[in-house]
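A.B. asks: Can you keep this structure in mind? I'll have questions shortly.
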Amino acid sequence: MNGRRCRICGNETGNEIIIARERQLGLGDVFEYIECSNCKCIQLKDIPSNMDKYYPPEYYAFDEPRFPSKLNRFNFFLKKSLINHYMGYFNPPGFLLSFIFDHPFPWIRKREINFNSKILDIGTGAGRKLLSLQRSGFRNLTGIDPYISSDLIYEKGLKILKKDISEIDDKYDFITLHHSFEHMPDPQHVIKHLSRLLNPEGVIVIRIPVGDCHAWHKYREFWVGLDAPRHFFLHTAKSIEILLSGTDLKTDEIVFDSGPLQFIRSEKYMRGLTMSAPDDIFTLEELKRYRDESEMLNRSKQGDMACFFIKKKSEPNN
């Protein structure tokens with residue numbers, strides 16, 4: 001088999017090898033990535049048999065979630081009202097609050113879910129996203145992550161289970177993968193099970209760093225989104241479509257949601273620093289320019305992160 005064959009679309013010609021190093025932790029280990037000339041997916045050529053070294057106990061996704069304080073009833077009412085408005089439901093207090101506060105969860109679109117919807121978060125780590133949803137009024141929440149040390153049981157019935165997606169049998173209205181899909185070695189396997197778990201009118205949200213973006217072309221092996229070797233696949237709109245073809249799923253919308261970290265952290269890597277190096281090496285003017293450029297890139301669909309909204313295909317009328 002061609003050592004440069006794309007594992008998404010099968011293309012074997014014109015694919016480029018990129019030499020990358022582990023930079024987040026400062027280990028410097030060397031890895032080879034393949035950029036497919038057809039679907040533009042960037043993929044780790046050989047996935048290490050043991051990834052424990054690259055996910056130490058202090059890895060940020062495993063940090064115990066902490067919030068400033070427990071919301072009192074009034075603040076809980078205000079936050080729930082705001083979210084109810086942004087979810088597209090009539091709520092006068094939420095409408096007024098929207099003039100002051102942005103959507104806390106911009107990946108929740110209008111009229112798709114409510115506070116009783118059955119929600120599954122995949123690759124949830126210690127469950128920060130789900131705990132934040134719970135603090136905002138959502139009631140029916142489950143998380144799974146095969147890499148946590150054991151099941152986590154929080155108050156009010158929130159469970160984070162040490163399970164793979166293939167071990168889940170229930171159906172869900174809303175399934176989220178917040179920057180976890182790129183860490184999964186078999187995306188076809190994941191897509192197959194996402195289709196199985198999604199209710200007919202449900203929505204899947206996959207938030208990932210994306211290849212073939214401005215930051216990738218600017219920084220190449222220093223691009224923070226590469227995150228060797230933890231990111232196995234850096235997908236594109238085309239590679240996601242290929243994964244969905246042959247299933248009953250389709251992309252409903254793609255929203256680019258990158259921020260200035262695509263520049264800040266990539267610049268650190270270019271200077272031989274780790275991700276945790278302080279940001280004070282940048283001037284206020286530079287930081288503003290990075291923010292402004294990130295917004296412009298999102299509008300032009302060249303940001304380095306995107307949110308894929310995926311739904312079931314409509315069945316043809318009989």
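The values are calculated or read from the model by the stated rules, or taken from the named source; none is laboratory data. This is a predicted model, so every value here is computed, not measured. Positions of Cβ are backbone-derived with ideal geometry, glycine not excepted, and every protein chain shown enters the neighbour counts.
A.B. asks: So which of Ser150, Ser195 ends up being surrounded by fewer than 21 Cβ atoms within 10 Å (Cβ to Cβ) and part of a helix (DSSP H, G or I)?
C.D. replies: Unique residue meeting the criteria: Ser195.
A.B. asks: If you check Leu284, Leu297, which single one turns out to be without any contact (Cβ under 8 Å) to a residue 12 or more places away in the chain and aliphatic (A, V, I, L, M)?
C.D. replies: Within the list Leu284, Leu297, the selection yields Leu284.
A.B. asks: Follow-up. What do you reckon, is Lys45 touching a helix residue (DSSP H, G or I) at 6+ places or on another chain (Cβ under 9 Å), closer than 23 Å to Ile208 by Cβ, at pLDDT 90 or above and of a type outside the set (Asp, Glu)?
C.D. replies: Working: touching a helix residue (DSSP H, G or I) at 6+ places or on another chain (Cβ under 9 Å): no; closer than 23 Å to Ile208 by Cβ: yes; at pLDDT 90 or above: yes; of a type outside the set (Asp, Glu): yes.
When the stated conditions are applied, Lys45 does not pass them.
A.B. asks: Out of the helices (runs of 4 or more DSSP H) lying entirely within the range 205-299, which hold 3 or more residues that are of a type in the set (A, V, I, L, M, F, W, C)?
C.D. replies: It comes to 237-244, 261-270, 284-299.
A.B. asks: Out of (1) within 30 Å of Leu27 (Cα to Cα); (2) out of contact with any helix residue (DSSP H, G or I) (no Cβ under 9 Å at 6 or more places or on another chain), the odd one out for Asp279 is which?
C.D. replies: All conditions pass for Asp279, except number (2).
A.B. asks: Cβ-Cβ below 6 Å, separation at least six or inter-chain, first residue in the range 89-109 and among the aliphatic types (A, V, I, L, M), second surrounded by 13 or more Cβ atoms within 10 Å (Cβ to Cβ) and part of a helix (DSSP H, G or I): which pairs?
C.D. replies: Filtered contacts from the range 89-109: Leu97/Leu82.
A.B. asks: Anything in the range 250-267 that is buried (at least 20 other Cβ atoms within 10 Å of the Cβ) and either in contact with a strand residue (DSSP E or B) (Cβ under 7 Å, 6 or more places away or on another chain) or of a type in the set (S, T, N, Q) (or both)? List them, or say none.
C.D. replies: If the condition is that a residue be buried (at least 20 other Cβ atoms within 10 Å of the Cβ) and either in contact with a strand residue (DSSP E or B) (Cβ under 7 Å, 6 or more places away or on another chain) or of a type in the set (S, T, N, Q) (or both), then Ser258, Gln262, Ser266 are the ones that fit.
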